[in-house]
Amino acid sequence: MSAYRPLTASGLIDTLAALPSVSAILGGNTADWGAREVSDGNLNTVFIVSGPLGSVCCKQSLPYVRVDPSWAMPLERTLFEARWMQHVSPAVGHQIPTLYHLDEGLFLIVMENLATHHVLRGALIAGLAPAGFAARIGEFVGHASFATSWRAMPFEDVHAMRDIFSRNLALTRITVDLILTDPYRRDCARNHWISPALDDLVTAIQQDSALHAAVERLQERFLSCGQALLHGDLHTGSVMICGDDVRVIDGEFALYGPIGFDLGMFTANLIMNAYAQPEHDAWMRDEIALLWSGFRHAYLERWEQSGARGDVGSLSRPTVSSAERTRFFQQVMHDCAGFAGLELVRRTIGFAQIADYEASQDREQEVEARRRALITGRALIQRAFQIDSPEALLGMI
Ligand code: SR1
Ligand code: MG
């Protein structure tokens, strides 16, 4: 196994040269290869290595948060991302990049380079994303969540998978802190917001004990409801798009949790895009409806097939009673609404904010977008249990 060191471009080329399958993808020899760093996310370094025949994408963990080197972070996250790819790939196939190689010593993933794709967040901000992408994300969540659920697999197999991902402690801690806790604390130095324009709303959020009780319910759902294997960080920066080819990347936060967490994260990022770019309002509403219908269709399709082997549903399969179907999707929608509310708040006043707000026409519009996100976020958290349908969710926006 290789000894860990943060790779430079030339060190990476030497590492790939020792991998026959990757060398075959690149073609030629090392003198013909070029590596360029394209790191974009908060945590890791990413390189694209190109050769005469093709290219690969290489992602390596650093022993700290890339955008904040004072924040130490264990290296294992790349291993969890690779395991997430291996476990969801049979269910979602082409909707994630192909994993070519994992070096467990270097904490390095070598995967398919999506050379013609763009990160969805940037494509949305530029107004270049094709309409309908959210249906593909809904399908992705439906297929991945059903296939890793207690309905699809005997409980022994689910426990084995939960054992693997329950060790993803460092990144689960990030989510628990940054999404489920910090924004509601008055003394948290990681929070930041436009002051004084947002001070009134931030103070209200941080002093509202009824809101904190609702956040506590979501903390409990997140940590104790292991319904399925989640992506765990499904925002618009975790999706790459080229026409109708929509790929989900960056599964390093994977864990067992409530399915509505992934749907809620994605929903909130669509809402914030619409608030920052009001000309996208009708479009993002359509995308939110498509996200839900894509999810529902994909999940139900598998639920109604006879191949499932899970202990949950063993008495009724392949028939799905309409009462159980209604109960299940309403529960996922409650979770989706609540977690969407948390994402709206944390992306507006927490540590990791989003570029969409900078696409606002001016400071006044940016403040207005952020105020709307905080007001909607607070309402979604408080009223999540009343939100039963995509129509009810859209009525809150
Ligand atoms: C320190 S990591 C901050 C955020 O970036 C990731 O993409 C996750 O969203 C995390 O919360
Ligand atoms: Mg990421």
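The values are calculated or read from the model by the stated rules, or taken from the named source; none is laboratory data. If you're wondering where the values come from, they're calculated on a predicted model, not measured in any experiment. Cβ placement follows ideal geometry from the backbone for every residue including glycine, while neighbour counts extend to all protein chains displayed. Calculation scope for accessible area: heavy atoms of the full protein, side chains included, ligands and nucleic acids excluded. Shrake-Rupley method; radii C 1.70, N 1.55, O 1.52, S 1.80 Å.
Observations, loosely collected:
- Segment 184-307 shape via C-alpha gyration tensor axes, a/c threshold 1.5: oblate
- Taking the accessible area of segment 9-112, probe 1.4 Å, and keeping the other protein chains in place, the carbon and sulfur fraction comes to 53%.
- For the chain, built as a Gaussian network whose Cα springs stay under 10 Å, the top-fluctuating residue of LEU342, LEU380, LEU16: LEU16
- Long-range tail of P(r) for segment 9-112 (Cα pairs > 20 Å, %): 40
- Here the simple spin-label model places points 7 Å from the Cα toward Cβ, and for THR181 and ALA17 these points are separated by 4.6 nm.
- Accessible area of ILE13 in the full protein assembly, 1.4 Å probe (Å², nearest 10): 20
- Radius of gyration, Dmax [segment 96-154; alpha carbons; angstrom]: 15.9, 45
- As a rough guide to protection, the peptides 52-60, 90-98 ranked by mean Cβ packing within 10 Å, highest first, stand as 52-60, 90-98.
- 25 °C / 0.890 mPa s Stokes-Einstein diffusion coefficient of the chain, Kirkwood radius on C-alpha pairs, µm²/s: 113
- What the chain shows is 40 Å² of accessible area per residue, with the surface traced by a 1.4 Å probe over protein heavy atoms.
- Protection proxy ranking of 252-265, 65-78 - average other beta-carbon atoms within 10 Å, highest first: 252-265, 65-78
- Ranked packing of 19-25, 368-374, most packed first, by mean Cβ within 10 Å: 368-374, 19-25
- Förster-model FRET efficiency, 30 Å R0, GLU391 and GLU304, C-beta, rounded to 0.05: 0.80
- Added length on full extension, which subtracts the Cα-Cα distance from 0.36 nm per residue, VAL367 to THR326: 10.9 nm
- Estimated FRET transfer efficiency when R0 is 41 angstrom, pair ARG190-SER314 (beta carbons, to 0.05): 0.35
- Accessible area of segment 118-396 belonging to carbon and sulfur atoms, whole % at 1.4 Å probe: 51
- Counted residue by residue at 0.36 nm each, then reduced by the alpha carbon distance between them, the extension gain from ASP68 to LEU128 reaches 18.5 nm.
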